[in-house]
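Have a look at the structure below before the remarks.
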Amino acid sequence: MRRSWAEPYKIKMVEPIRMTTPEERATAITAAGYNTFLLRAEDVYIDLLTDSGTSAMSDRQWSAMMLGDEAYAGSRSFYRLVDAVQEVYGYEELVPTHQGRGAEHILSQILIGEGDVVPGNMYFTTTRFHQEHAGGRFVDVIVDEAHDPESLFPFKGNVDLDKLQRVIDEVGADRIPYISVETNVNMAGGQPLSLENLKATYELCHRHDILVMLDATRALENAWFIKQREYGYADHSVAEILREICSYTDGATMSSKKDNLVNIGGFLALRDPELARKARALLVAFEGLHTYGGMSGRDMEALAAGIHEMVSTDDHVAARIGQVEYLGNALIKAGIPLIRPVGGHGIFIDAMAVLPHIPQDQFPAQALTAALYKESGVRGMERGIVSAGRDPKTGDHHYPKLELVRLAIPRRVYTQAHMDVVAESVVEVFENREAVRGLRFTYEPDELRFFQARFEEV
Ligand SMILES: *Cc1c(COP(=O)(O)O)cnc(C)c1O
């Protein structure tokens, strides 16, 4: 019999949440311009906007914060973080940053030159922004299955080696400073890559002197899927698998607000001391001194504790992904079209399948996200054409094949009963889907527009 995914912890402190009235929610979403990023958190009942920085910390992490060494330079807490990253991820050089995009900024600036090309297994918003900001061009080399919400391929995060080879042949290896390889690919629905694929990618890149940089943000969750799905790994611990993932890379950017169970923090980790020297030289201008990046001593203590904790038992990640699967299975049973297999950090509803009457340039996923909030106070996020932004050359929208509503599950925060409420709310909206209308911009920011854009109904 399959062992239950029950949480390997009990609850010691609670934070009250409030159910709002339908009138309050209608007022709130109109005032927010149909953008759930612009809602006040107190108007939200169950907050599935993001799993970023929303984890519940453990008693050990909270007590570690009391040990924070706030020395400006050479803090004891920094060295504890260095040890944690070396032990769990296996990278020698640590460059601390305030969060993931800080690391992406530094990495892009030290490696990308004007006109360079950076292949990646699907784009991520901030990652691509920093690559373009440094003068580079992102090219998607993820497998085709990733763009197909119906495909049950177990490793939809894999790099398509033929696509990668074609990019190398077209632009030349000397124009490709590195490939950016993401684990549990966010925009594909939290889909893993296999170790076999990562190893082959690493070998191909190294034949051409191209570095492999990991977006390790959800590498732990990816390790869990490898344990479940990849031949030969069922008896490995996630800690061992995580180390092996990192062994096929030259460095990593990390948003510690996800796997690492903290509310703020991140790092750039590298193997090459010379690259690390360049990164530290920029770090002091953009983030902070090289022994704190953007973090306080107590932040680094909580982070070091979180890194150890996430791999201390496989039960942690089993429960985390088990809860996501529980919600996914409830929705699948109710006939809601969503990305399958269910990913690691959330549910991704196929908005074009739910709202075929809304054309993509009227933002179906944005409209569905707003409708779900209005129905139930559940807050999700658009991951479709609004997130994809515009092509900097042509000025036209990028038209992604996936137009999704993401319900991201914070780690260790909500219960199974909350997941039942979410499933009931989604079904309610689905049954009244003809009433949902398309949207148009009333304000469109130039960069990363999804964060602050405002809309009205067409
Ligand atoms: C969250 C995230 C980032 C950016 O990290 P921040 O901490 O939000 O700056 C980068 N890549 C992936 C895959 C992410 O999920």
Which one of Y91, Y123 is in contact (Cβ under 8 Å) with a residue 60 or more places away in the chain, within 11 Å of the ligand (Cβ to nearest atom) and either among the aromatic types (F, W, Y) or not assigned by TED's automatic domain parsing to the domain that holds Q228 (or both)?
-> Y123
Which ranges mark the helices (runs of 4 or more DSSP H) fully within the stretch 167-258 that have 2 or more residues being modelled with pLDDT under 95 and open to solvent by less than 10 Å² (accessible area, probe 1.4 Å)?
-> none
Modelled with pLDDT of 95 or more, under 18 Å from the mean Cα position of the chain (by Cα) and outside any helix (DSSP H, G or I) - does that describe any residue in the stretch 275-294?
-> no
Check F37 against each of (1) part of a helix (DSSP H, G or I); (2) more than 27 Å from E244 (Cα to Cα); (3) of a type outside the set (S, T, Y); (4) more than 16 Å from the ligand (Cβ to nearest atom) and name the one condition it does not meet.
-> (4)
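Of all residues in the stretch 108-134 being among the hydrophobic types (A, V, I, L, M, F, W, C) and out of contact with any helix residue (DSSP H, G or I) (no Cβ under 7 Å at 6 or more places or on another chain), which is modelled with the lowest pLDDT?
Among those residues, the one meeting the criterion is F129.
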Filter pass, L195 being away from the ligand (no atom under 16 Å from the Cβ), under 30 Å from T50 (Cα atoms) and either in the same structural domain as I106 (by TED's automatic domain parsing) or touching a residue at least 24 places away in the same chain (Cβ under 8 Å) (or both) | yes
Failed criterion for S77 (all others in (1) away from the ligand (no atom under 15 Å from the Cβ); (2) surrounded by 24 or more Cβ atoms within 10 Å (Cβ to Cβ); (3) under 21 Å from the mean Cα position of the chain (by Cα) hold) = (3)
Can you tell me which residue in the stretch 99-109 is nearest to V171 (Cα to Cα), limited to those that are out of contact with any Asp or Glu (no Cβ under 6 Å at 6 or more places or on another chain) and crowded, with 21+ Cβ neighbours inside 10 Å?
-> S108
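The values are calculated or read from the model by the stated rules, or taken from the named source; none is laboratory data. Not measured: the values here are computed from a predicted model. Cβ coordinates were reconstructed from backbone atoms using ideal geometry, including for glycine residues, and neighbour counts include every protein chain displayed. Just so you know, the surface numbers come from the protein's heavy atoms only, side chains and all, with ligands and any DNA or RNA stripped out. Shrake-Rupley method; radii C 1.70, N 1.55, O 1.52, S 1.80 Å.
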